[in-house]
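Peer 1: Got a structure for you, written out below as structure tokens; questions coming shortly.
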């Protein structure tokens, strides 16, 4: 779905059409949940601090998120998917993989299926969606972003190398900034460069992920579309520029709690358990968790619980920490989420 949360807001409020819409709570600690394409032209992006978005786009219209409404629209989109195939693997409220090797409507090609789904979304939901069609999941994912918004991009099997080899390695799934920098040190800028590295070299530098890189560089992805794959946890973590004492971790915990809360709102199910992760300067990992009687109902509640878990770290005041993370786990369907006992671990 294109700029999903912001597009739903623009659809439901005609006064927002054509305006730079930022879906976010206002405040120093808030982050952007979504930005319309009008706002993106100013450099506004999801997960950036709301205060920075306001500086980049002073004329932006800030709209507080309405996740129950977004979930309802997401369910309607998935009903459209299910008309064509039962092999639907949701990634979030606004994105899913579909395997249409065999489809229910008898359409002869995956491209025809993608066109039909996009037309039905437009007609029935008054929203736009972009689709990528390819022989496997990772290529389809890249293709889905290729002509956004409201686009369709197809990678035929015989076109894989032509499309893949010129791509920057940063476009490959799992290649973040750290991995990209390591690859650059190996003289690897593009997927074509990556393909020149042998498997033993990649495994030597990246361990088990080396095999994945080796396969991706050759357009290989054998992972299947798994319907109803359920999210186990959502988290965000960051490393401090310098090791800090526990008493100085609060600002980072607050920021990570906001990111985790925003990410969790993309799930149809509700998380019950809050997790705090800490890594000491000696690289020892500590985790503390708490399952309240009722699931956290707001970012403020999540933040309060995460900060309270910090108080259960029984180390000396001299101990220094290099990393902190905040997570949510123990996801349940909304009808079952409140019927859980209190749990401390």
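Peer 1: For the structure I just gave you, tell me whether residue 92 is under 27 Å from residue 258 (Cβ atoms), crowded, with 19+ Cβ neighbours inside 10 Å, out of contact with any helix residue (DSSP H, G or I) (no Cβ under 6 Å at 6 or more places or on another chain) and not assigned by TED's automatic domain parsing to the domain that holds residue 23.
Peer 2: no
Peer 1: Can you tell me how many residues within the stretch 67-85 are surrounded by 15 or more Cβ atoms within 10 Å (Cβ to Cβ) and in contact (Cβ under 8 Å) with a residue 40 or more places away in the chain?
Peer 2: Residues in the stretch 67-85 being surrounded by 15 or more Cβ atoms within 10 Å (Cβ to Cβ) and in contact (Cβ under 8 Å) with a residue 40 or more places away in the chain: 7 in total.
Peer 1: Another question, if that's okay. Please return the ranges of helices (runs of 4 or more DSSP H) entirely within the stretch 135-203 where 2 or more residues are in contact (Cβ under 8 Å) with a residue 12 or more places away in the chain and under 13 Å from residue 213 (Cβ atoms).
Peer 2: 177-185, 191-195
Peer 1: Does residue 53 fit the bill of being touching a residue at least 24 places away in the same chain (Cβ under 8 Å), touching a strand residue (DSSP E or B) at 6+ places or on another chain (Cβ under 6 Å), closer than 22 Å to residue 142 by Cβ and not assigned by TED's automatic domain parsing to the domain that holds residue 151?
Peer 2: no
Peer 1: Same structure again: Can you pull out the residues in the stretch 204-247 that are under 25 Å from residue 161 (Cα atoms), part of a loop (DSSP other than H, G, I, E, B) and under 21 Å from the mean Cα position of the chain (by Cα)?
Peer 2: Across the stretch 204-247, the qualifying residues are 221, 223, 224, 225.
Peer 1: Which members of the stretch 1-15 meet the condition of being part of a loop (DSSP other than H, G, I, E, B) and surrounded by fewer than 16 Cβ atoms within 10 Å (Cβ to Cβ)?
Peer 2: Scanning the stretch 1-15 gives a single hit, 13.
Peer 1: What number of residues in the stretch 32-46 are surrounded by fewer than 24 Cβ atoms within 10 Å (Cβ to Cβ) and in contact with a helix residue (DSSP H, G or I) (Cβ under 6 Å, 6 or more places away or on another chain)?
Peer 2: The number of residues fulfilling the criteria is 2.
Peer 1: For the stretch 238-260, check the following and say yes or no: at least one residue is surrounded by 14 or more Cβ atoms within 10 Å (Cβ to Cβ), within 30 Å of residue 70 (Cα to Cα) and free of Cβ contacts under 8 Å to residues at least 60 places away in the same chain.
Peer 2: No: zero hits.
Peer 1: How many residues does the stretch 248-288 hold that are assigned to a helix (DSSP H, G or I) and either under 15 Å from residue 322 (Cβ atoms) or touching a helix residue (DSSP H, G or I) at 6+ places or on another chain (Cβ under 6 Å) (or both)?
Peer 2: 8
Peer 1: Sticking with this one: Among residues belonging to the stretch 219-237 that are in contact with a helix residue (DSSP H, G or I) (Cβ under 8 Å, 6 or more places away or on another chain) and surrounded by 14 or more Cβ atoms within 10 Å (Cβ to Cβ), point out the one that is farthest from residue 310 (Cα to Cα).
Peer 2: Among those that are in contact with a helix residue (DSSP H, G or I) (Cβ under 8 Å, 6 or more places away or on another chain) and surrounded by 14 or more Cβ atoms within 10 Å (Cβ to Cβ), it is 219.
Peer 1: Give the residues of the stretch 292-328 that are more than 19 Å from residue 266 (Cα to Cα), out of contact with any strand residue (DSSP E or B) (no Cβ under 7 Å at 6 or more places or on another chain) and in a helix (DSSP H, G or I), sorted by residue number.
Peer 2: 304, 307, 308
The values are calculated or read from the model by the stated rules, or taken from the named source; none is laboratory data. Note that the structure is predicted; figures quoted are calculated from it, not measured. Neighbour counts run over all protein chains shown; Cβ positions are idealised from the backbone, glycine included.
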